[in-house]
Structure formats: C-alpha cells, structure tokens
Amino acid sequence: MYALTGRSGRAMGKRNTGLCRDITLCVAIFFCMGAWFCQGAWAQERRCITSKIANVRSGPGTNYETLWQVETYYPILIVEKKDSWLKFKDFEGDMGWIHGSLVGDAPSVITVKSNCNVRSGPGPVHPIVFTVERGVPFKVLKQQSDWLEVEHGDGDRGWIYKPLVW
C-alpha cells in the first residue's frame, strides 16, 4: 500500500493493491458471466427455409419424430448446430430440428397478426392486393421506411407494414 502525493506533498489518496486485485477479479467475472448469459442470444442466427415443405423434427436426425412442417421462407433463429442439423426457435418460441440443406440466408418474415393487408405499394393509401392470416412467411425484397416489399413462396408479391411481422 502506498500514498499518492501531489506537488504540495500532501496525500491525494491511498491505493490498496489487494483492493485493485479484487476489483479486477470482479470486473473479469462480470464480463465472463455477461458473455455466458448472453451467449445464446448472441449466437442466434436468423435464417429461413428454402424447400417447398420441410419437416421439423424432435431431434437431429431423420429417425426423430416429425413435430410439424414449415414452408418456403419460414424464418427461424438457429440456437444450436449438430453435424448437418440445426436446432431453431421460431416466431412463437417453439423449438425443433431441421437439416441444414433445407435452410438459406434470404431475409424473411412471418405474419404475427390475423388479417394482415398486403398492399400494392409502401403505405396505407395503396390498394390491398391480398390479405393473409397469422403465420404466413414471406421473403423480404426491400424495405422502405416501416414497409417491406415481400414475396410469398407461391409468387404473390406486395408491401406489408413492418409491425405486422416477425
């Protein structure tokens, strides 16, 4: 332990090496714990389904039960990888496994509300082209302000208001 002194020779404060070591250790633990708690969120990677229909399985292999099926452009968050299989979470928080060959990088969204209007242009003044229910996936073509130009797997296109999708 030693005292810091200014030009006048008066003590400016004390430094306790044990205290500094303890603080350094606490900071290191804080950052390590933060990385540990956030690892799942930071590791998640947003992808989408590229096949027309894909089976979502209970485990990483075709020998596992098919839980449900998803269609083209269905967006997913990858939470784990095992060999060529990907564990994901979807917009409802449901988890499942899918083979990596059925997944791509195209930006995609899925409707989270019922009766979502898809319009001919980016804004409520444009006519409604079609209406979709909750859970319809789309590929995102471009964004203009709070509006997304989207395309469904069957080729239907239009603009949807961003707060209506995940």
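The values are calculated or read from the model by the stated rules, or taken from the named source; none is laboratory data. Owing to the predicted nature of the structure, the values given are computational and were not obtained by experimental measurement. Heads up, the Cβs are rebuilt from the backbone with ideal geometry, glycines too, and the neighbour counts pull from every protein chain shown. For accessibility, only protein heavy atoms count, side chains too; no ligands or nucleic acids. Shrake-Rupley method; radii C 1.70, N 1.55, O 1.52, S 1.80 Å.
Write out the trypsin sites (Lys or Arg not before Pro) in segment 72-123 meeting two conditions: DSSP loop, and at most 16 other Cβ atoms within 10 Å of their Cβ.
When the trypsin sites (Lys or Arg not before Pro) of segment 72-123 are filtered for loop state and at most 16 Cβ neighbours within 10 Å, Lys113 remain.
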Problem set entry | Cα-projected label distance for Asp105 with Leu67, points at 7 Å along beta-carbon direction, nm | 2.6 nm
Exercise. How many percent of the accessible area of segment 99-151 is carbon or sulfur, using a 1.4 Å probe?
Worked result: 48 percent
Exercise. Out of segment 40-86, which GluC sites (Glu not before Pro) are coil in DSSP terms and have no more than 12 other C-beta atoms within 10 Å?
Worked result: Glu65
For this session: Can you find, among Val112, Ser101, Val125, the residue farthest towards the positive end of the dipole of segment 101-166? Put +1 on the C-beta of Lys and Arg, -1 on that of Asp and Glu.
Result: Val125
For this session: Taking a cut-off of 15 Å between Cα atoms, list the aspartates and glutamates near Lys82, but don't count ones fewer than 8 places away on the same chain.
Result: Glu45
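When you count, for each residue, the other Cβ atoms within 10 Å and take the mean per peptide, how do 93-102, 126-135 rank with the highest first? Write out the running numbers ahead of the final one.
On the way: 93-102: 15.9, 126-135: 13.6.
Packing proxy ranking, top to bottom: 93-102, 126-135.
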Seminar exercise, completed: Diffing segment 156-164: the Karplus 3J(HN,Hα) column from phi (6.51, -1.76, 1.60, θ = phi - 60°), in whole Hz with x for Gly and Pro, holds 4, 10, x, 10, 10, 6, 3, x, 8
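Per residue, how much accessible area does segment 46-166 show when a 1.4 Å probe rolls over the protein heavy atoms, in square angstrom?
That works out to 52 Å² for each residue.
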Problem set entry | Eligible lysines near Lys81 by straight Cα distance, threshold 26 Å, same-chain separation 8 or greater | Lys52, Lys89, Lys139
Seminar exercise, completed: Note: Glu92 to Val125 extended length (0.36 nm per residue) minus current alpha-carbon separation gives 8.8 nm
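Please work out the FRET efficiency for the pair Ser58 and Asp156, using the Cβ-Cβ distance as r and a Förster radius of 41 Å; give the result to the nearest 0.05.
On the way: r = 32 Å, r/R0 = 0.79.
Given R0 = 41 Å and the Cβ-Cβ separation, E is 0.80.
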For this session: Compute, for Ser120, the solvent-accessible surface of its heavy atoms (probe 1.4 Å) with the complete set of protein chains present, and express it in square angstrom to the nearest 10.
Result: 70 Å²
